[in-house]
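The values are calculated or read from the model by the stated rules, or taken from the named source; none is laboratory data. Since the model is a prediction, treat every value here as computed from it, not as a measurement. Using ideal geometry, Cβ is built from the backbone for each residue, glycine included, and neighbour counts are taken over all protein chains shown. Side chains are part of the model used for accessible areas, which takes the heavy atoms of the whole protein and leaves out ligands, DNA and RNA. Shrake-Rupley method; radii C 1.70, N 1.55, O 1.52, S 1.80 Å.
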Amino acid sequence: MSNKQRCQWAHNATSLEKEYHDYEWGQPVYDDKKWFEFLLLEGAQAGLSWSTILHKREGYKKAFAGFDFEQVAQFTEDDQARLKENASIVRNRLKIASAVSNARAFIKVRQEFGSFNDYIWQFVDGKPIINHWSEPGQVPVTTRESDALSRDLKKRGFKFVGSTICYALMQATGLVNDHTTDCFCYDKSLRS
């Protein structure tokens, strides 16, 4: 695993980050529970590094009912106050509250579209956008698709879903594949 050429952000990363890069980042997601996990984690990342969130991922899983959106939607003010004392997550009151309100909005989207998965894939016409960046500096932080997703999520009551967060979500979940052309995962994505 160590002799593989990776995207620059994962090149000198921890083993946890390399594993995430190699096996998860850019892989298409189709499961609603996984969508909720990424939505929650990307929102928690706002203003922080992904490395920080990735290292707290297990803490988030335990604190937020295994990313079960139905359970999280039922969290009370007392539950949120308890989470604010939990050192295994980012203890930001607004981010914790947004996880709960986002779970409720997530359920409404599922009711309207049948699944969150069906809803979100429409922003890329149902198939991953595979980019061909040769340099990390070419990778954008927002696109018209992330702008549209952000606007629509906000309209539906979601929080911590600015366009930059939405683009990171799109990259993480394979709506967009931004592995650089020198990364071994770039070739792998073209074959799948």
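Data overview
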| item | result |
| --- | --- |
| Paramagnetic label zone (point 7 Å from Cα along Cα-to-C-beta, residue 33; backbone N under 16 Å) in segment 111-149 | 116-117 |
| Net charge of Cβ neighbours under 13 Å - reference residue 132; Lys, Arg +1; Asp, Glu -1 | -4 |
| Accessible carbon and sulfur surface of the chain relative to its total accessible area, %, 1.4 Å | 49 |
| Gained length - residue 129 relative to residue 5, 0.36 nm times residue gap less alpha-carbon distance | 42.5 nm |
| Cα-centred dipole magnitude for the chain, charges only on beta-carbon of K, R (+1) and D, E (-1), debye, nearest 20 | 400 |
| Under 21 Å from the Cα of residue 159 - lysines, other chains or at least 8 residues apart | 33, 34, 56, 61, 84, 95, 108 |
| Segment residue 85-residue 12, extension gain: residue separation times 0.36 nm, minus the distance between their alpha carbons | 23.0 nm |
| Residues with amide H under 5 Å from that of residue 130, placed H, sequence gap 5 or more | 177 |
| Within the chain, helix-based [θ] at 222 nm, where runs of 4 or more DSSP H residues each add -39,500 (n - 2.57), nearest 500 | -16000 deg cm²/dmol |
| With at most 16 neighbouring Cβ atoms within 10 Å, loop trypsin sites (Lys or Arg not before Pro) (DSSP) excluded, longest segment of the chain | 5-90 |
| Distance between segment 153-173 and segment 67-128 - C-alpha centres, whole angstrom | 12 |
| Length-normalised contact order of the chain in % [C-alpha pairs under 8 Å, at least 6 apart] | 31 |
| Residues listed by number, segment 170-185, amide nitrogen under 17 Å from residue 138 label point at 7 Å toward C-beta | 176-185 |
| Cα-based helix-to-principal-axis angle, 163-172 vs the chain, degrees rounded to 10 | 60 |
| Additional length obtainable on full extension of the chain from residue 184 to residue 55, 0.36 nm per residue less Cα span | 44.1 nm |
| Hz values of 3J(HN,Hα) by residue in segment 90-104 - Karplus curve (6.51, -1.76, 1.60), Gly and Pro given as x | 6, 8, 9, 4, 5, 5, 5, 4, 5, 4, 6, 5, 5, 4, 5 |
| Whole-number accessible area per residue in Å² for segment 1-150, which is evaluated in the context of all protein chains at 1.4 Å | 53 |
